[in-house]
Amino acid sequence: MRRGLYSEIVKTRQNADQADAQRRDRSGGSGFATDGGKAVVDLAADIDAAGGGGADEDTARDGGEVCVVMPTYNERENLDPTLSALLEWNPQVHVLVVDDASPDGTGEAADAMAASDQRVYVLHRAGKNGLGPAYLAGFDWALKRGYATLCSMDMDGSHRAQDLHAMLQVLRNRSGIDLVIGSRRVPGGRTEGWSRYRNWISRAGSWYARTMLGLGVRDMTSGLRAYRAGILRASDLRSVEANGYVFQIDMTRRVAAAGGGIAEVPIVFPERMRGRSKMGAGIVFEAMWRVTRWGMRRLFGRGWPRPSAYERG
Ligand SMILES: Nc1nc2c(ncn2[C@@H]2O[C@H](COP(=O)(O)OP(=O)(O)O)[C@@H](O)[C@H]2O)c(=O)[nH]1
Ligand SMILES: [Mg+2]
């Protein structure tokens, strides 16, 4: 078992200071500890194969229950290695590739994989329309088909199959958890191949979102996640407007607002090896203004700016 694995369970409105205090209280042993009714859990006991060999018998219990939604835009060369590793570590999951008519033929390559592997499905969309809408279309597809667990994962090699395996074990073993976030920002989690500057920007962004939204989650923008279907159904996805990676922040606050329990499990996040990032200045700007707007509304009341349908409801 990997040492030092831990996570925090973050309940609605628990703030970052409380989470820090709780983490200090915990003396580093495994098992379960509580502080003032708010649970802080060492999840190492739930993760028995992370960092080890391939899939174990636990994954067999996923049995067609889990759908991993993977948005793609120009990821043809990443498709085969990423899906192979995913299905080797998690042989019972199903995968939905959501492709926005990639010019490099990712969609056709995914179709070919779907034809030879019954666990793989492809959703074709008309054109590049952003990460948020791609995830929403994928979640809608999977919820309609009755999957109990829906995951999100990038197709660029930055999200490791073994980390998802560990996260699914936590979701399966902890009944109070509705969302498991693969986190670069809890002990044991890290990025690889990032400059100090990029790490700083990423940390500052998560700190800003955490503070503005009053949530204790350390890695707000991570896209490697596992949700229980029920919490997604309770989170009114129709009103989501977020387009870029701020989608992940929006989903975090919606799960918290719906009363969902959130756990962060450490992951290693290597830089993509092939292809190009689609992140640009517009996506960063969108994250800034949306988080600021949500935070202002939280801090100064529901009247300003005008609430969206979701927030009114
Ligand atoms: N369907 C779809 N997928 C996208 C879009 N933008 C990014 N992706 C995919 O989302 C994942 C993360 O994107 P990436 O460019 O790596 O973002 P970064 O990790 O923030 O640099 C990758 O699998 C991309 O192919 C989009 O507009 N539509
Ligand atoms: Mg990436």
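The values are calculated or read from the model by the stated rules, or taken from the named source; none is laboratory data. Bear in mind that the values here come from a model prediction, so they are computed numbers and not experimental data. Backbone-built Cβ (ideal geometry, glycine too); neighbour counts: all protein chains shown.
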Inset, instruction - Could you please find all residues in the stretch 133-149 being farther than 13 Å from T72 by Cβ and either polar (S, T, N, Q) or within 16 Å of ligand 1 (Cβ to nearest atom) (or both)? - result: P133, L136, F139, D140, W141, A142, T149
Legend entry - Test for K128: is it surrounded by fewer than 23 Cβ atoms within 10 Å (Cβ to Cβ), without any contact (Cβ under 8 Å) to a residue 12 or more places away in the chain and more than 13 Å from the chain's Cα centre (by Cα): no
Inset, instruction - Can you work out which of the residues in the stretch 211-231 that are more than 18 Å from V170 (Cα to Cα) and not in a loop (DSSP other than H, G, I, E, B) is nearest to the chain's Cα centre (by Cα)? - result: L213
Inset, instruction - Looking only at the stretch 105-125, count how many residues are touching an Asp or Glu at 6+ places or on another chain (Cβ under 8 Å) and more than 16 Å from ligand 2 (Cβ to nearest atom). - result: 8
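Yes/no per residue for (1) at pLDDT 95 or above; (2) surrounded by fewer than 24 Cβ atoms within 10 Å (Cβ to Cβ):
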| position | (1), (2) |
| --- | --- |
| V122 | yes, yes |
| C151 | yes, no |
| L164 | yes, no |
| L179 | yes, no |
| G193 | no, yes |
| R198 | no, yes |
Inset, instruction - Kindly provide the set of residues from the stretch 271-313 that are assigned to a helix (DSSP H, G or I), at pLDDT below 90 and in contact with a helix residue (DSSP H, G or I) (Cβ under 6 Å, 6 or more places away or on another chain), ordered by number. - result: A309, Y310
Legend entry - The lone exception for A256 - which of (1) of a type outside the set (D, E, K, R); (2) within 16 Å of ligand 2 (Cβ to nearest atom); (3) in a helix (DSSP H, G or I) it fails: (2)
Inset, instruction - Determine the pairs where a residue that is under 19 Å from F139 (Cβ atoms), located within the stretch 66-95, has a partner that is small (G, A, S) and in a loop (DSSP other than H, G, I, E, B) with Cβ atoms under 8 Å apart, the partner being 6 or more residues away or on another chain. - result: V66/A148; T72/S102; Y73/S102; N90/A55; H94/G64
Inset, instruction - For the stretch 154-182, enumerate the residues that are touching a Gly at 6+ places or on another chain (Cβ under 8 Å), within 16 Å of ligand 1 (Cβ to nearest atom) and in a helix (DSSP H, G or I). - result: D163, L164
Inset, instruction - Kindly indicate whether any position in the stretch 99-106 is within 25 Å of D250 (Cα to Cα) and either within 11 Å of ligand 1 (Cβ to nearest atom) or modelled with pLDDT of 95 or more (or both). - result: yes
Inset, instruction - Answer yes or no as to whether L79 is assigned to a helix (DSSP H, G or I) and more than 16 Å from ligand 2 (Cβ to nearest atom). - result: no
Inset, instruction - Can you work out which of the residues in the stretch 270-287 that are surrounded by 14 or more Cβ atoms within 10 Å (Cβ to Cβ) and over 22 Å from L79 (Cα atoms) is nearest to ligand 1 (Cβ to nearest atom)? - result: I283
Inset, instruction - Give the stretch 212-245 a look and list any residue that's among the β-branched types (V, I, T) and modelled with pLDDT under 95, or say none. - result: T221, V240
Inset, instruction - Filter the stretch 85-113 down to residues that are of a type in the set (S, T, Y) and part of a helix (DSSP H, G or I), then give me how many there are. - result: 1
